[in-house]
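Novice: Let me give you the structure first, and then I'll get to my questions.
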There are 2 protein chains.
Amino acid sequence: MITRTLVKQLAALPDGPVSVAGWVETVRDQKKVQFVILRDESGAVQLVNPATRELEEGADAAASARLALTEQISELGHGTFVRVTGELKHDERVKLGGLEVKIGSLEVVAEALETPIAADSSLDKRMDWRFLDLRHPKQNLIFRIQTTFLHALRTYWVEHDFVEIQTPKLMASASESRAELFELGYFEGKAYLAQSPQFFKQMAQPAGLGRVFEVGPAFRADPSFTSRHATEFTSIDAEMSWIDSHEDVMKMHEELLVAGFTAVREKHGAEIEELFGLEITVPTTPFPRIPLAEAKQIVAEHGYVVPRADADMDPEGERRISEYVKETYGHEFVFLTDYASSIRPFYHMRHEGDSNLTNSYDLIYNGVEISTGAQREHRIDVLVEQAKEKGLDPEELEFYLDFFRYGVPPHGGFGMGLARVLMLMLHEHSIRETTYLFRGPTRLLP
Amino acid sequence: MITRTLVKQLAALPDGPVSVAGWVETVRDQKKVQFVILRDESGAVQLVNPATRELEEGADAAASARLALTEQISELGHGTFVRVTGELKHDERVKLGGLEVKIGSLEVVAEALETPIAADSSLDKRMDWRFLDLRHPKQNLIFRIQTTFLHALRTYWVEHDFVEIQTPKLMASASESRAELFELGYFEGKAYLAQSPQFFKQMAQPAGLGRVFEVGPAFRADPSFTSRHATEFTSIDAEMSWIDSHEDVMKMHEELLVAGFTAVREKHGAEIEELFGLEITVPTTPFPRIPLAEAKQIVAEHGYVVPRADADMDPEGERRISEYVKETYGHEFVFLTDYASSIRPFYHMRHEGDSNLTNSYDLIYNGVEISTGAQREHRIDVLVEQAKEKGLDPEELEFYLDFFRYGVPPHGGFGMGLARVLMLMLHEHSIRETTYLFRGPTRLLP
């Protein structure tokens, strides 16, 4: 490796020689002294150089070198990647971290064109130049948070004996609905992109894997342009055997989120406070649970009648029930439970004794739905009936229905959108900010 | 959750009442006693029931229940999911784990059709019924090993400050080559499925993320039917900034594999020995490194002249150099280095002073290539030249070339096929055995 010290490690070092490497964030080229803010993946540091603007008569080689360095710094453009060797000096008067590096030598590793984006560029323009946009400390932090969050989730699962699966994204038929399905040519035939790992994570149940998880892409040919929808997104999925009801899924789900939020708070709490101006709260368990019908009643009583003909909530209703829960229980999360069968997929198990309701839930976080979970129907005859009732052709579902004909235990699980969780955790306004490279109806680049 | 004890936990329990749940593997229905082998995701246990074949005159309700239980067990089919409550008894005469459970009550949770596959079914037929095939302890173990392996890799990365990224699988143009590219309709236009995360993981370098990793699907419209190729596979990718050469990538790569193999050996070593009859060896570092040209010479000297017009190896050559390395250095891995520019993509950096060779490597494990790694060319002018030389149109690569125009540090990384690593680790003969649901030119189901 090229010898360098990460900027974040400088604070712990004594004064003395160091090498750092990163990109030039700003240059302040004053007459007598030059300041360069150098940033790397871990932070920013001030570099300083006493300027040598001209040579006196009879100047020696060292003076020539100082002049050359001064001129080199004057020409440095924003975004240029450089390696710098110099002297670290702790000095509490320096605002940026209380230290600076006096430049000994500077090597330009890669020059840079002038950046086409600024702090006030539109979101769309920033997306055009995402690889530059990501250089900002906030964006950088988002993906470090994501790393920590996902690792905590996976660690929870591994410790609870879940098996990681990678389900195929190429399918012979739809996984959820015929709408919003991407189709592609597949040798002599056709294939479809998985809208979710639903069928394949359920397959792990007759396969006897017990408990499984997956973090992977899902695809929806969704033409909408909201702040919460994408044509490709990272789906966090889990499925487990031998549950009694969706209550067991919710219990695992909330424990999992506690693990994720605890890790994020511990590792990044201070940085998040500094850059996002907010404190990460680890949610308490159990999360509040409200049956959907009751939730609709509550928001109606508070002045908002959900303008839908069906039994479902709408985004405004989710925002309001979330507000209500926050005020009443001081909680950022709420499980809305027992959705009507009419607005749930055929594979959700229905209440014993009331087939109008399902053993299912949506999880709302800070006003937005981030996840749907349910107990699945595992009785083949009931499942076929429910598929027919939804207007599906059981013949097209044969490969899926077969999973249930050879034995399957009671099971359930959830799917959760990663970018939504991060968006809401950090009070961002769009999943575009919390997706590495967003994909939408008019965005396939970069 | 439905109350049950995992089979693997029984050994540690005292004699007494227990509940277990799983599927029926076999029933031995003897005249005086019935034995059921029940399997769950953690192992198998023998259940026993003293048969009551007929009722004596004046028999009580308890006797009737015993008769009913006996008849219920006689009718149990393979694959039926059941819950059993009974008495655990440790008895070293019982071959299966030295314990058995005397059945008190048995509830059939889901019945099962007769399994269409047997131990000697063809691989293709087993793939047709993958959800039943996976019930076998060997297959189950493969995915537990995979879970442990991936978690160890990610833990290594997290501890080394790598950032996890999820790169898009939908692209506006090819990521590697125009051949083997899946195309799909995308609203009014077209999109392509990523053949690798290559361009997007490199994008993390100008984005200043420093070190990144990803485990995700990659797609190749590859019409071949070998044991090592699939149209969709899980790719393990890493990319890091500020390297001196591909040597830095190899160093990270071998440390990573040591972490993965150590975790697998520790957690599953005994089971692997039992079920696969082999011992997992943790490789020693450094792995042997042999320049490709030298490797070809070595296999030629040992009687095999690689029958290719270009500078490349072939699978037989890889097998033979691997054999040679095993005999000579006692090592299962070998890095073949310094591939000719003519057989490497345009973005591999070439040797300073000899543009015929690249700063690249392939990693061979037990005779098969599992990975390609390289230092990337980060100098925009050289990169454009190399693209042109390969017959590529720089205009089609604009979005990628832009990454380099705004500054990028020296960097490199690798991509590695997960299913191949597991296949070779477990001495399996096809990646079909180590892929959850294999996808090939004629396989999209289940």
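The values are calculated or read from the model by the stated rules, or taken from the named source; none is laboratory data. These figures come from a predicted structure and were not determined experimentally. For neighbour counting, all protein chains shown are included, and Cβ atoms are generated from backbone atoms with ideal geometry for every residue, glycine included. Accessible surface is based on the protein model in full, side chains and every heavy atom, while ligands, DNA and RNA are left aside. Shrake-Rupley method; radii C 1.70, N 1.55, O 1.52, S 1.80 Å.
Novice: I'd like the Karplus ³J(HN,Hα) series for the range B:213-222: coefficients 6.51, -1.76, 1.60, θ = phi - 60°, whole numbers in Hz, and an x wherever there's a Gly or Pro.
Specialist: Ordered by residue, 3J(HN,Hα) equals 9, 8, 10, x, x, 9, 10, 9, 7, 8 Hz.
Novice: Amide H neighbours of B:T26 under 5 Å, at least 5 residues apart or on other chains, H built in the peptide plane: list them.
Specialist: B:I37
Novice: Continuing with this model, one more query. Show B:S342, A:S371 ordered by accessible area, largest first, where the area counts protein heavy atoms only and the probe is 1.4 Å.
Specialist: Ranked from most to least accessible, the order is B:S342, A:S371.
Novice: May I pose another question? At 0.36 nm per residue, and after removing the present C-alpha to C-alpha distance, how many nm does the segment from A:A119 to A:D310 gain when stretched out fully?
Specialist: Stretched fully, the A:A119-A:D310 segment lengthens by 64.4 nm.
Novice: For the protein assembly as shown, what is one quarter of the convex hull surface built on the Cα atoms, given in nm²?
Specialist: Averaged projected area of the protein assembly as shown's Cα convex hull equals 44.8 nm².
Novice: I'd like the Karplus ³J(HN,Hα) series for the range A:404-420: coefficients 6.51, -1.76, 1.60, θ = phi - 60°, whole numbers in Hz, and an x wherever there's a Gly or Pro.
Specialist: 8, 7, 10, x, 7, x, x, 7, x, x, 8, x, 9, x, 4, 5, 5
Novice: Let me ask another. What is the distance, in nm, between label points placed 7 Å from the Cα along the Cα-to-Cβ direction at A:T262 and at B:T226?
Specialist: 4.7
Novice: Let me cross-check A:F225: its accessible surface, 1.4 Å probe, with only protein heavy atoms counted, in Å² to the nearest 10?
Specialist: Here the accessible area works out near 130 Å².
Novice: Checking a compactness column here: for the range B:187-291, what do you get for Rg(Cα) / (2.2 N^0.38 Å), N being the number of residues?
Specialist: 1.39
Novice: May I pose another question? How do B:E188, B:E111 stack up against each other in accessible area, from largest to smallest, with a 1.4 angstrom probe? Write out the running numbers ahead of the final one.
Specialist: Values: B:E188 190, B:E111 140 Å².
Order by accessible area, largest first: B:E188, B:E111.
Novice: Moving on. As a test question: what accessible area, to the nearest 10 Å², does B:F403 have when a 1.4 Å probe is rolled over all protein chains in place?
Specialist: B:F403 has an accessible surface of roughly 0 Å² with all protein chains in place.
Novice: When the Debye formula is applied to the Cα atoms of chain B, each taken as the same point scatterer, what base-10 log of I(q)/I(0) results at q = 0.06, 0.14 Å⁻¹?
Specialist: Per q value, in the given order, log10 I(q)/I(0) is -0.36, -1.30.
Novice: Given the range B:7-110, report the % of alpha carbon pairs whose separation exceeds 22 Å.
Specialist: Of all Cα-Cα pairs in the range B:7-110, 27 percent lie more than 22 Å apart.
Novice: With an 8 Å Cα cut-off and a minimum separation of 6 or more residues, compute the relative contact order for the range B:126-434 in percent.
Specialist: It rounds to 18 percent for the range B:126-434.
Novice: Which distances in nm, rounded to one decimal and ordered from shortest, link the label point of B:A293 to the equivalent label points in the other identical copies, with labels set 7 Å from Cα toward Cβ?
Specialist: So the label point of B:A293 gives 8.0 nm to the other copies.
Novice: If you plug each phi of the range B:12-17 into the Karplus form 6.51 cos²θ - 1.76 cosθ + 1.60 with θ = phi - 60°, what whole-Hz ³J(HN,Hα) values come out, in order, with x for Gly and Pro?
Specialist: Once rounded to whole Hz, the list reads 8, 8, x, 4, x, x.
Novice: Which FRET efficiency value, to the nearest 0.05, do you get for A:R405 and A:D15 by plugging their Cβ-Cβ distance into 1/(1 + (r/R0)^6) with R0 = 45 Å?
Specialist: 0.05
Novice: Further, regarding this structure: Tell me which residues come under 5 Å, amide H to amide H, from A:Y186 once H is placed; ignore anything under 5 positions away on its chain.
Specialist: A:A191
Novice: For B:G185, go 7 angstrom from Cα along the Cα-to-Cβ vector, then report the distances to that same point in the other copies in nm, smallest first.
Specialist: 1.3
Novice: At a probe size of 1.4 Å, how large is the accessible area of A:F187, to the nearest 10 Å²?
Specialist: The accessible area of A:F187 comes to roughly 80 Å².
Novice: Return the whole-Å distance between the Cα centroid of the range A:33-110 and the Cα centroid of the range B:1-46.
Specialist: Cα centres, the range A:33-110 to the range B:1-46: 71 Å.
Novice: Note down the magnitude of the dipole of the range B:7-110 about its Cα centre, charges +1 on Lys and Arg C-beta and -1 on Asp and Glu C-beta and zero elsewhere, to the nearest 20 debye.
Specialist: The dipole magnitude comes to about 320 debye.
Novice: Related question: Restricting things to alpha carbons, tell me how big the range A:278-386 is in terms of Rg and Dmax, in Å.
Specialist: 14.9, 51
Novice: On to the next question. Show the residues, 5+ positions off or on another chain, whose built amide H is closer than 5 Å to the amide H of A:V368.
Specialist: Answer set, sorted by chain and number: none.
Novice: Then there is this: Can you put B:W129, B:W242 in order of accessible area, largest first, using a 1.4 Å probe?
Specialist: B:W129, B:W242
Novice: While we're here: Rounded to the nearest 500, what is the protein assembly as shown's calculated 222 nm mean residue ellipticity when only DSSP H runs of at least 4 contribute -39500 (n - 2.57) each, over all residues?
Specialist: Theoretical 222 nm ellipticity from helices: -9500 deg cm²/dmol.
Novice: Also, quick follow-up: For the rotation taking B to A, I'd like to know which residue in chain B has the C-beta closest to the axis, plus that distance in Å.
Specialist: B:L184, 2
Novice: Okay, next question. Using a 7 Å offset from Cα along the direction of the beta-carbon, what are the separations from A:A119 to the same position in each other copy, nm, ascending?
Specialist: Listed shortest first, these distances are 7.1 nm.
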